[in-house]
Amino acid sequence: MADRRHLIVGGTGYFGARLAQALSRQAELIITQRSSSPARQAWIERTGLRVVTFDSSRMGVLPVDGQFDAIINLAMPSATEAARDPDASRRQALATTEACLLLLDEGRAQRVLHFSTFHVYGGASRTRYEESDVPTPGHPYGQIHLECERLVLAHPKTLVVRPTNLVGAPAHSDLGEQAKLLILDLAKQAAAGSITLHNDGASYRDFVPFDDAIDAVQRLISMDITGERLFNLARGQAQRLDEVALLIQAVAGNKPTLNFGSGTDSFRQAFVVNNDRLRHLGWQPRASLAAEARRIVSFFA
């Protein structure tokens, strides 16, 4: 990939920044951001990455020149944003997606890799999730992502991934809405010396460390686009939240106290998100969640 050129839309975000650092070692890279901050600017200066500003609510075209081997679209509204203002979130998501597809249609990109979400499946009552399942999202977050998925897959040379819960040490401290993510919140508490999980811990999540997600992206932007174009990005094994809280307590060097609440959460039974399609590409979830949790705690410490 040394002679390749990629564009990451949303490349200064929580996962985007870590992905950008990894891909910049192998290819020429341009990343976009919707807005700047001192933390993001310091990270940009430290890494030397080329960044352009792109806000699809004000700009209909990505402000980039030349050809790209792959465009990776990560710039989608968060679940909190989608719940707060579904209409604005939908407009922003579709406009961003259309701007990526425009470069593809103009012949300026070889492929578009679009990040959707596991939440397009909807509900929390299933024990197994397959790409062939009919999506039934009930929340605006899943509904918006599903609409963008369909727009993307109507074009050739496109791929869609549905990640479950991506987790990793942040590249910088401007996390925005992502700061509320469970493992980030628990790790930040652990660094301060006391952890409180505000529910009973008897719910399940499928956590994917960043290193595994980055490996999946590297494979997907290099593969021949034939056959399947929709992929679950999951470890394939959900973990109980109390076990995750205990894991974070164990890797924190300051031995924080751990308290559980009495509230309940969704996904009350173990479930499997089938990842066979990615495995058939040679991908394996090898990264250690414990090692990544240790790095997250160290970041906040």
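Give just the number: which of (1) within 27 Å of residue 95 (Cα to Cα); (2) surrounded by fewer than 19 Cβ atoms within 10 Å (Cβ to Cβ) does residue 196 not satisfy?
Only one criterion in (1) within 27 Å of residue 95 (Cα to Cα); (2) surrounded by fewer than 19 Cβ atoms within 10 Å (Cβ to Cβ) is unmet by residue 196, namely (1).
Listed residues 153, 146; which is under 22 Å from residue 181 (Cβ atoms), touching a residue at least 12 places away in the same chain (Cβ under 8 Å) and not hydroxyl-bearing (Ser, Thr, Tyr)?
Going through 153, 146 in turn, just one is under 22 Å from residue 181 (Cβ atoms), touching a residue at least 12 places away in the same chain (Cβ under 8 Å) and not hydroxyl-bearing (Ser, Thr, Tyr): 146.
I'd like the residue in the stretch 214-235 that is among the small types (Gly, Ala, Ser) and modelled with pLDDT of 95 or more and, out of all such residues, is surrounded by the most Cβ atoms within 10 Å (Cβ to Cβ).
Ranking the candidates gives 234 first.
Does residue 191 qualify as being under 28 Å from residue 48 (Cβ atoms), touching a residue at least 24 places away in the same chain (Cβ under 8 Å), touching a Phe, Trp or Tyr at 6+ places or on another chain (Cβ under 6 Å) and not in a strand (DSSP E or B)?
No; evaluated as a whole, the condition is false for this residue.
The values are calculated or read from the model by the stated rules, or taken from the named source; none is laboratory data. In this text, all values refer to a predicted model and were calculated from it rather than measured experimentally. All Cβ positions, glycine included, derive from the backbone under ideal geometry; neighbour counts span all protein chains shown.
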